[in-house]
1. Being more than 16 Å from ligand 2 (Cβ to nearest atom), at pLDDT 95 or above and part of a strand (DSSP E or B) is true for just one of Lys166, Lys144. Which residue is that?
2. Pick from Leu161, Leu157: which is in contact (Cβ under 8 Å) with a residue 40 or more places away in the chain, more than 16 Å from ligand 1 (Cβ to nearest atom) and in a helix (DSSP H, G or I)?
3. Restricting the first residue to segment 110-131 and requiring it to be at positive phi, which pairs with a second residue that is of a type in the set (Gly, Ala, Ser) and within 16 Å of ligand 2 (Cβ to nearest atom) meet a Cβ separation below 7 Å and a spacing of at least six or different chains?
4. Tell me whether segment 180-190 contains one or more residues that are under 23 Å from Lys9 (Cβ atoms), more than 27 Å from the chain's Cα centre (by Cα) and in contact (Cβ under 8 Å) with a residue 12 or more places away in the chain.
5. Considering only segment 195-217, state which residues are in a strand (DSSP E or B) and more than 14 Å from ligand 1 (Cβ to nearest atom).
6. Is one or more of the residues making up segment 133-152 under 27 Å from Gly52 (Cβ atoms), of a type in the set (Asp, Glu), exposed (fewer than 13 other Cβ atoms within 10 Å of the Cβ) and within 16 Å of ligand 1 (Cβ to nearest atom)?
7. For segment 44-66, name all the residues that are buried (at least 16 other Cβ atoms within 10 Å of the Cβ), within 8 Å of ligand 1 (Cβ to nearest atom) and charged (D, E, K, R).
8. Only one of Asp239, Asp296, Asp211 is closer than 30 Å to Leu44 by Cβ and either in contact with a strand residue (DSSP E or B) (Cβ under 7 Å, 6 or more places away or on another chain) or of a type outside the set (A, V, I, L, M) (or both). Can you tell me which?
Amino acid sequence: MKLMEYQGKDLFRRVGIPTPSGVFATTADDVKTFITEHPGSWVLKSQVMMGGRGKAGGIKFADDAAQGETLAKELIGKHLVSIQNPDGETVKSLLVEEKVKIAHEAYVSIAIDRAAKKPVIIVSAQGGMDVEEVAEKHPDAIVKAWVDPAIGFSPFLARELFFAAKLPAGYGKTFPKVVGALYDMFMTYGANLVEINPLVLTEDGAVIASDAKVELDDNALFKHPDIAGWNKAAPTDEDQAAGVAIGLGMSNYAKFSDEPGEPPKNVGTIANGAGLGMGTMDAVKNAGGGAANFLDIGGGAQAELVKNSYKLVTSDDRVTAMFINIFGGITRGDQVALGIVDALKGDDVRKVPLVIRLTGTNAEEGRKILADAGFFPVETMDEGAAKAVALANGGSN
Ligand code: GDP
Ligand code: MN
């Protein structure tokens, strides 16, 4: 699992690696408020899962709140493309960090050397945005040391690296501590890669991790369940409670907030099975829309549960159309259809255009029940997603 910079720095702080002070922000308003309350010079750093943000225009400097707001508006929603990621990625959040005065930029990382079957520490005095070029043109400026995991890390290794890489003297005192802490973190969290570029020597003589690139081994994530959930669309406690209240499992329902630069999340979704639920959200996205939620009603869904799921999803005011995607098998299509017809009979539910894809057991009977009741039965997922997105956005097709 790859971490974003702000997540990597969270781990840095846990092991005692100094990082600039900062705050995570998802709106230009938050940036403005933060800088108003904390006047000074700040760096706005796009939080995307790719390197080379500096060169791609994803790092900006702000000296006051107004400038911070303007730059944040520019960055959030911007599609960043770099050499490392030609497809690019849209910026959804920023890390607002204290701007440090840089005297020197060094590079340090730890990775697994598969051939040596050992972690390798890689250091260069010429860190910063051109480190790839350094590696290509001046390979001698990159030095390495291998750690025997049976023995562990010892500070003398870091001191050797310090001299071999010809790091400026100012790094001398702190460098072994930073590398030791980075090694701790590498082992504790089961990392494949931890990288600090640049490891900054400030004009005041402090050594600070200005950037963080961290990749954790998925097979080690079970040891740290809090981190394992970081990049999943995990249900909030509130979502869990709402789902459980109608008889769903703990992680069967999640609601998603709107994101800048993405279509409004106005299509409510219900599917049977977690995989189909995710596929349904993807289909809505591919059709140019946004799914307001994830809801897996599970196998063998009975009319009552379908009804309550429908109510739960449409209790979200943003939802202007529903897409129910039932891939038959255990779940009986006619049961599902009856549940929906029943749910929409009452005055206690909000009625929105409803598209339903039914296949499998008793699907035809189900579709007939639905068509007779004035809904939109379809046979394929893509057809259903396209129709639901059109209906959600006020069209009819
Ligand atoms: P990357 O381009 O994605 O690796 O993003 P970095 O976090 O490494 O930032 C890119 C470059 O922006 C760094 O190499 C620095 O030159 C510059 N930069 C980032 N933060 C600061 C800061 O606090 N102060 C100064 N002066 N420059 C910074
Ligand atoms: Mn960097």
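The values are calculated or read from the model by the stated rules, or taken from the named source; none is laboratory data. Bear in mind the structure is a predicted one, so any value in this text is a computation, not a measurement. Counting neighbours? That spans all protein chains shown, and the Cβs are built from the backbone with ideal geometry, glycine included.
1. Among Lys166, Lys144, only Lys144 is more than 16 Å from ligand 2 (Cβ to nearest atom), at pLDDT 95 or above and part of a strand (DSSP E or B).
2. On the way: Leu157 fails: in contact (Cβ under 8 Å) with a residue 40 or more places away in the chain.
The unique qualifying residue is Leu161.
3. Within 7 Å, no pair qualifies.
4. Within segment 180-190, one or more residues are under 23 Å from Lys9 (Cβ atoms), more than 27 Å from the chain's Cα centre (by Cα) and in contact (Cβ under 8 Å) with a residue 12 or more places away in the chain.
5. Glu215, Leu216 - these are the residues of segment 195-217 that are in a strand (DSSP E or B) and more than 14 Å from ligand 1 (Cβ to nearest atom).
6. Taking every residue of segment 133-152 in turn, at least one turns out to be under 27 Å from Gly52 (Cβ atoms), of a type in the set (Asp, Glu), exposed (fewer than 13 other Cβ atoms within 10 Å of the Cβ) and within 16 Å of ligand 1 (Cβ to nearest atom).
7. Across segment 44-66, the qualifying residues are Lys45, Arg53.
8. Values: Asp239 fails: closer than 30 Å to Leu44 by Cβ; Asp296 fails: closer than 30 Å to Leu44 by Cβ.
Result of the check over Asp239, Asp296, Asp211: Asp211.
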